[in-house]
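The values are calculated or read from the model by the stated rules, or taken from the named source; none is laboratory data. Keep in mind that this is a model prediction, so the values were computed, not measured. Using ideal geometry, Cβ is built from the backbone for each residue, glycine included, and neighbour counts are taken over all protein chains shown.
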Amino acid sequence: MEQMPFTFGKTTDKVNFTDREVESKHLEQNFRSAVNTMLISPRRWGKSSLVERVTETIAARDSNIKFCLLDVFNVQSEAEFYENYARAIVKATSTKWEEWTENAREFVSRLFPKISFSPDNMADITFGIDFAEVQKQPDDIIDLAETIAVKRGIKIVVCIDEFQNIANFESPLAFQQKLRAHWQRHHHVCYCLYGSKRHILADIFANPSMPFYKFGDIILLEKISSNVWGKFIRRRFKDTGKHITLKMAELIAQKVDNHSYYVQQLAQQVWLRTKTNATQKIIDDAFESLKNQLSLLFTGLTETLTATQINFLKALLDGVTTFGQENLLKYKLGTSANILRIKDALLSKEIIDITPNAICFQDPMYRYWLKKDCF
Ligand SMILES: Nc1ncnc2c1ncn2[C@@H]1O[C@H](COP(=O)(O)OP(=O)(O)O)[C@@H](O)[C@H]1O
Ligand SMILES: [Mg+2]
């Protein structure tokens, strides 16, 4: 099959990765000087891609730094966290199969009485966790990276994706206290914690009464600018024998509000429809078609909302920014106390994002669909 020049739905590979020069340098510096880092942005702006790129680049040059990447999106409990965590660290610090088994035996066999391996598949290591035992003494696991780093004379960077998920564990506060108390004493390991739900992460990292307050450097990842996207899209067209002007390439990014995932998706749709030269008509058609493809999803999402939540979104679309008596009546929003509840609900559904300056839609296509097909 012909290789498509754009990707979405998985983290980007090198040739599909653009810009992020400043952020990449910043992260690299932090990792090299063992500064803990928290990276936050709405979904699909490019956190996972960025961390992957930076860690791969450093790992290729420097064998003395090991990276442990762990995604806790599907991790439901503290016990599961410990098991996944131990496995990820053992895996990241072992290059050969023998080393792997040796590391597992040496560092975690006391905690995990039933370690099983299948020599054909390195990914198949399972730890039978004795949670009663681990709960009595989780310290060894929480310190595992530092222990291995010291013993092996290496540095380790532990990167935990979708970190906001730990807020769903049974005793999130006690868990965070344990992690923080240990991790802050580590000198050969640094932690990069990142995720999407800004309101939850802000509470974890920036609330003075929370354990992770002032744990390290907080980076709020921004969107990639239209200009950078434009050059990237034009280059990818050129690489595959097609043509697009810089202006049209920038238009692709602008149409989807520079949202990384959608820029790649729309660019791909335009590319597929283009024989030799991309035109504005092709872009507009591709954009409409993208909206239509998503309509089923958006209809389902809208069905989960209450009438007042939908009214609130309508007000936002009309450009309403303040909710005085007049607007409460006009949009049937109930009392002003209701507004707080509506905002909270839409925030936790990740439909809106609240920044100091504005309330905005997280998904530019959903915004467009609501405006065009719903209201
Ligand atoms: N630097 C980048 N260059 C090009 N495309 C990117 C970049 N970062 C993200 N993307 C696009 O956005 C999509 C979502 O990125 P991802 O890293 O999964 O976001 P997040 O982890 O913030 O949810 C990727 O699949 C890719 O298509
Ligand atoms: Mg991600």
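Applying the criterion of being under 30 Å from the mean Cα position of the chain (by Cα) and among the small types (Gly, Ala, Ser) to the residues of the range 232-286, the residue that is farthest from Lys47 (Cα to Cα) is Ala286. If only residues of the range 156-171 that are surrounded by fewer than 20 Cβ atoms within 10 Å (Cβ to Cβ) and touching a residue at least 60 places away in the same chain (Cβ under 8 Å) are counted, the one that is nearest to ligand 2 (Cβ to nearest atom) is Asn168. Contact map, the range 172-194: residues that are touching a residue at least 12 places away in the same chain (Cβ under 8 Å) and within 20 Å of Glu52 (Cα to Cα) paired with residues that are buried (at least 17 other Cβ atoms within 10 Å of the Cβ) and among the basic types (Lys, Arg), Cβ distance under 7 Å, separation 6+ or inter-chain. Pairs shown: Tyr194/Lys47. How do the helices (runs of 4 or more DSSP H) wholly within the range 232-317 filter down when requiring 3 or more residues that are surrounded by 15 or more Cβ atoms within 10 Å (Cβ to Cβ) and touching a residue at least 60 places away in the same chain (Cβ under 8 Å): which remain? The qualifying helices (runs of 4 or more DSSP H) are 260-273, 280-303. Here is the figure for the range 329-352: residues that are crowded, with 19+ Cβ neighbours inside 10 Å and within 21 Å of the chain's Cα centre (by Cα) total 3. For the subset of the range 172-195 comprising residues that are assigned to a loop (DSSP other than H, G, I, E, B) and of a type outside the set (S, T, N, Q), which member is nearest to ligand 2 (Cβ to nearest atom)? This residue is His186.
Note on the range 8-29: among residues that are closer than 17 Å to Lys223 by Cα and of a type in the set (Val, Ile, Thr), the one that is farthest from ligand 1 (Cβ to nearest atom) is Val22. For the range 326-358, the candidate set comprises residues that are among the β-branched types (Val, Ile, Thr) and closer than 18 Å to Asn258 by Cβ; within that set, the residue that is modelled with the lowest pLDDT is Thr355.
Across the range 196-231, the number of residues qualifying as part of a loop (DSSP other than H, G, I, E, B), more than 15 Å from ligand 1 (Cβ to nearest atom) and not hydroxyl-bearing (Ser, Thr, Tyr) comes to 8. Filter the range 14-42 for residues that are within 15 Å of ligand 2 (Cβ to nearest atom) and of a type in the set (D, E, K, R); which is modelled with the lowest pLDDT? Taking the candidates together, the pick is Arg20. Considering the range 1-117, the qualifying strands (runs of 3 or more DSSP E), each wholly inside and each with 3 or more residues that are under 17 Å from the mean Cα position of the chain (by Cα), run over 37-40, 65-71.
Only one of the numbered conditions (1) touching a helix residue (DSSP H, G or I) at 6+ places or on another chain (Cβ under 7 Å); (2) among the hydroxyl-bearing types (Ser, Thr, Tyr); (3) farther than 16 Å from Ala267 by Cα; (4) more than 16 Å from ligand 2 (Cβ to nearest atom) is violated by Ser63, and that is (1). The residue list Leu246, Leu220 contains one member that is on the phi < 0 side of the Ramachandran plot and at pLDDT 95 or above, which is Leu246.
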